[in-house]
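What follows draws every value from the coordinates through simple rules; no lab data is involved. Values in this document were obtained by computation on a predicted structure and should not be read as measured data. Ideal geometry is used to build each Cβ from the backbone, glycine not excepted, and the neighbour counts take in all protein chains shown.
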Amino acid sequence: MKRGFSLIELVISTVIISIAALSIAFLYQQALSGSLEVRELTVATALAKEKMEEVLLLDFGSVADVSDTSFPAPFSNYSYAVNVCYVQSTNLDSCVDPTTTDYKKVEVVINCDASPLATLKTLFTNY
């Protein structure tokens, strides 16, 4: 009776182990990629909340559009825009003439590397 493995058994076991190792490496890479996306979304959401709080501290007349503006370091790859639209209390989706209403719909949009990640909206009033 022979002891040990033949060459073909070693080759087959090496192939099986290699396939298993590649599968595990692929799953690890996918998990790491997903965690980076979650981190970007979490940062974008926090930055959106911060910007919205800054807007809410302004008086009604001072709330205005802000074009795409970068955040300072360490968030320099993130940018924000503030979009303001006068709306009627009965229709919050359509912009109207500013002289006919006391409501503003304010939208803060956070981008990361020019790709939108988070948007917060609120209604601002002059009462």
Please report the orientation-averaged projected area of the range 7-125, defined via the convex hull of its C-alpha atoms, in nm². 11.1 nm²
The chain: angle of helix 7-56 to the longest principal axis, Cα-based, in degrees nearest 10: 10 degrees
Under 4.7 Å Cβ to Cβ, no partner at all: give me those cysteines from the chain, in residue order. 112
